[in-house]
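Dropping a structure here in structure tokens format, bear with me for questions.
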Ligand SMILES: [Zn+2]
């Protein structure tokens, strides 16, 4: 892509002296990451903002002493003359435990706001504060918290490309996670994750999670782990009852028999609109998601 990186935002971790020292998940720090991501503008495939987001993710993780690997892949959309190149980012946090889990989120945002109520805005790219931003922000702060207080299991953070690359009805969605699932044995020779937890749209200021229906049918223990942790931490955003089926980056893993779930609040009126901005999100919601996730990773039985 060769996009110039002039004006790249500095990683917010550099300005925080206590970084890496304190345990616990800090919703305000996650919010700082979300603000930085949104400042880069839309982060859809091929846009300068996406290159900046990749560099930001890398800079933050490397500042924590975490190595970042790239999993590039190619994909040709029907009707396109040649394939496009995409990149998933991966980072392992832990002490080399034999048991490990994947925690993933897509970092691309959507090129079109086709759900916008204003027809004149439907060809515009979205800011994606919630859809493409919130999950990444939580993963970046989670990385700091887990480096400060490592769990017994290892955690593989995955930043998926091209979740939102497709036009409605096309097969061009979830490309990054499909690539990892299809090449799991090559990317991770001789090892298989205990489970996969995907975050998408976890920043809505009016946060309410339902158990995702496909995962609940196939591997309810992964949801139990998160929901029981939420109950213990007294986080009511994890609704006591109800399920909702949502296809997302966890689906490719379910289809190869890897236990997987999705944390998503799909009751979000700004989904795939130009209204998906920071104003609809909150540090509190990022904090709720991150605290539950961190505690589940540290205390859960995998
Ligand atoms: Zn989306």
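The values are calculated or read from the model by the stated rules, or taken from the named source; none is laboratory data. Values in this document were obtained by computation on a predicted structure and should not be read as measured data. Here the Cβ positions follow ideal geometry from the backbone for every residue, glycine too, while neighbour counts run over all protein chains shown.
Restricting to region 264-300, name every residue that is more than 16 Å from the ligand (Cβ to nearest atom) and not in a helix (DSSP H, G or I).
282, 300, listed by residue number.
While we're on this one: Here are some conditions: (1) part of a loop (DSSP other than H, G, I, E, B); (2) under 16 Å from residue 135 (Cα atoms); (3) more than 16 Å from the ligand (Cβ to nearest atom). Residue 261 meets all but one. Which one does it not meet?
Condition (1) is where residue 261 drops out.
Yes or no: region 112-123 includes at least one residue that is within 25 Å of residue 72 (Cβ to Cβ), at pLDDT 95 or above, surrounded by 16 or more Cβ atoms within 10 Å (Cβ to Cβ) and within 16 Å of the ligand (Cβ to nearest atom).
Yes, the conditions are met somewhere in region 112-123.
Could you tell me whether region 135-158 includes any residue that is within 12 Å of the ligand (Cβ to nearest atom) and at pLDDT 95 or above?
Yes: one or more hits.
So the check is Cβ under 7 Å with 6+ separation or different chains; which pairs have a first residue in region 60-87 that's farther than 17 Å from residue 108 by Cβ and a second one that's at pLDDT below 95 and outside any helix (DSSP H, G or I)?
The qualifying pairs are 60/11; 63/11; 64/20.
Test residue 27 against the stated conditions and say whether it is surrounded by 17 or more Cβ atoms within 10 Å (Cβ to Cβ), under 28 Å from residue 291 (Cα atoms) and in contact (Cβ under 8 Å) with a residue 12 or more places away in the chain.
Taking the combined requirement at face value, the residue satisfies it.
Then there is this: Return yes when residue 104 is within 16 Å of the ligand (Cβ to nearest atom), crowded, with 24+ Cβ neighbours inside 10 Å and either assigned to a helix (DSSP H, G or I) or at positive phi (or both) and no when it is not.
no
Filter region 47-88 down to the residues that are modelled with pLDDT under 95 and on the phi > 0 side of the Ramachandran plot and list them by number.
79
Which of (1) at positive phi; (2) crowded, with 20+ Cβ neighbours inside 10 Å is the odd one out, the single condition residue 257 does not satisfy?
With (1) at positive phi; (2) crowded, with 20+ Cβ neighbours inside 10 Å applied to residue 257, the lone miss is (2).
Scanning region 121-164 for residues that are part of a loop (DSSP other than H, G, I, E, B) and within 15 Å of the chain's Cα centre (by Cα), which turns out nearest to residue 62 (Cα to Cα)?
The selected residue is 161.
Go through region 196-220 and give me each residue that's closer than 14 Å to residue 245 by Cα and either surrounded by fewer than 19 Cβ atoms within 10 Å (Cβ to Cβ) or more than 12 Å from the chain's Cα centre (by Cα) (or both).
209, 210, 211, 212, 213, 214, 215, 216, 217, 218, 219, 220
Here is a check on your reading of the model: is residue 91 modelled with pLDDT of 95 or more and farther than 23 Å from residue 26 by Cβ?
no
For region 208-222, how many residues meet the condition of being in a helix (DSSP H, G or I), touching a strand residue (DSSP E or B) at 6+ places or on another chain (Cβ under 9 Å) and over 14 Å from residue 295 (Cα atoms)?
7
Exactly one condition in (1) crowded, with 23+ Cβ neighbours inside 10 Å; (2) within 12 Å of the ligand (Cβ to nearest atom) is not met by residue 168; state its number.
Against the list (1) crowded, with 23+ Cβ neighbours inside 10 Å; (2) within 12 Å of the ligand (Cβ to nearest atom), residue 168 comes up short only on (1).
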